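Below is one structure; the comments refer to it alone.
The values are calculated or read from the model by the stated rules, or taken from the named source; none is laboratory data. This structure is a prediction, so every number in the text was calculated from the model and none was measured. Heads up, the Cβs are rebuilt from the backbone with ideal geometry, glycines too, and the neighbour counts pull from every protein chain shown.
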Amino acid sequence: MSTQVATKAESRSRARRSTRALAVLAIGPATVLAGFIWAMLQPYRITLLDPAGQGFWWLVSEPPLYVIAAGLFFHLVIAPGVVADSEEGGESR
Amino acid sequence: MPPPEHVHWWFATGLLLLGLCMLARAIVGADVWDRRRWRRYLWPGLLFALGIALWPVTVFFTSSTMHTIAHAVWAQVTMLAGAVGLALAAGKLRHPLWSLTMPLALAVSGAAFLVHEQNGWLFSRSAFVHHMSGWVLLGSSLVALALPFRPRSAALAAALGLTFVVLAVVLYADRDVAPVFGHLSPEAGVPHR
């Protein structure tokens with residue numbers, strides 16, 4: 001039985017995300033949360049919840065869902081690369 | 001045709017994305033943000049696209065000559081700021097004073113908002129949104145004006161990004177006929193939720 005199990009230890013500076021990276025990572029979830037809270041406070045702004053009698057444009061326009069979609073897009077598409085580049089640059093602020 | 005309030009919400013979404021990108025750029029710095037080529041073109045490309053999207057608004061929402069002229073001028077300066085941003089990102093333009101097209105676009109956009117709203121602040125929520133957006137844009141043009149002279153200022157860059165987020169919030173609040181702070185002129189029409 002081999003006991004030579006070696007794991008790669010990440011340096012502390014690498015393992016701990018910088019403040020800037022954390023700030024960028026927080027933007028998307030904060031936006032999604034804002035959209036979610038808005039949807040809770042004004043559910044009538046989401047016409048899909050009660051679509052009867054609504055026309056095409058009213059069913060297309062769902063502002064709280066737009067906010068949630070923008071936050072998700074930022075978090076999933078834009079933020080990961082920004083954070084990776086930020087940490088690659090060895091930022092510690 | 002979609003109601004005007006829907007158009008405002010679509011533009012609000014574009015402005016929200018633009019604001020989030022500019023905010024992230026301010027946080028990590030232009031050096032890190034510009035490290036990937038596609039990201040370098042992202043915010044000026046988005047601004048240019050918003051300028052293009054203003055042309056259908058110009059063509060289809062012609063409730064007055066003032067509206068048409070305001071939308072057309074607005075579309076032109078937004079496209080100009082976006083195009084200059086793209087050229088600066090590509091290295092086709094180098095002089096930092098080209099960045100002054102951004103405060104120009106914001107100032108003209110603010111003036112366009114104010115000029116094509118003929119009613120007072122509390123006439124209806126739509127009128128309030130137009131006045132509010134106009135003054136927010138004029139204020140942000142001063143921030144954008146300072147940026148070329150303090151290009152490494154994270155505070156100024158973040159303030160500009162947050163301006164677009166605030167503008168998005170204001171536009172999302174728009175309803176064609178709805179009260180604002182309990183006020184609604186009887187001439188505005190029948191309110192709906």
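A compact table of results
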item: Scope the stretch B:42-79; condition crowded, with 21+ Cβ neighbours inside 10 Å, farther than 17 Å from B:HIS8 by Cβ and of a type outside the set (A, V, I, L, M, F, W, C); matching residues; result: B:PRO44
item: Lone qualifier among B:ILE52, B:ILE69 - being modelled with pLDDT under 95 and either within 12 Å of chain A (Cβ to nearest Cβ) or assigned to a helix (DSSP H, G or I) (or both); result: B:ILE69
item: Top-ranked residue in the stretch A:41-93 [being touching a helix residue (DSSP H, G or I) at 6+ places or on another chain (Cβ under 6 Å) and polar (S, T, N, Q); ranked as surrounded by the fewest Cβ atoms within 10 Å (Cβ to Cβ)]; result: A:GLN54
item: Residue list for the stretch B:18-41, restricted to those being aliphatic (A, V, I, L, M), under 18 Å from the mean Cα position of the chain (by Cα) and either farther than 20 Å from A:ALA84 by Cβ or surrounded by fewer than 20 Cβ atoms within 10 Å (Cβ to Cβ) (or both); result: B:LEU18
item: Helices (runs of 4 or more DSSP H) wholly inside the stretch A:20-93 containing at least 3 residues that are touching a residue at least 24 places away in the same chain (Cβ under 8 Å); result: A:63-73, A:79-88
item: Scan of the stretch B:19-43 for residues that are within 17 Å of B:ALA155 (Cα to Cα), among the hydrophobic types (A, V, I, L, M, F, W, C) and more than 8 Å from chain A (Cβ to nearest Cβ), ordered by number; result: B:MET22, B:ALA26, B:ALA30
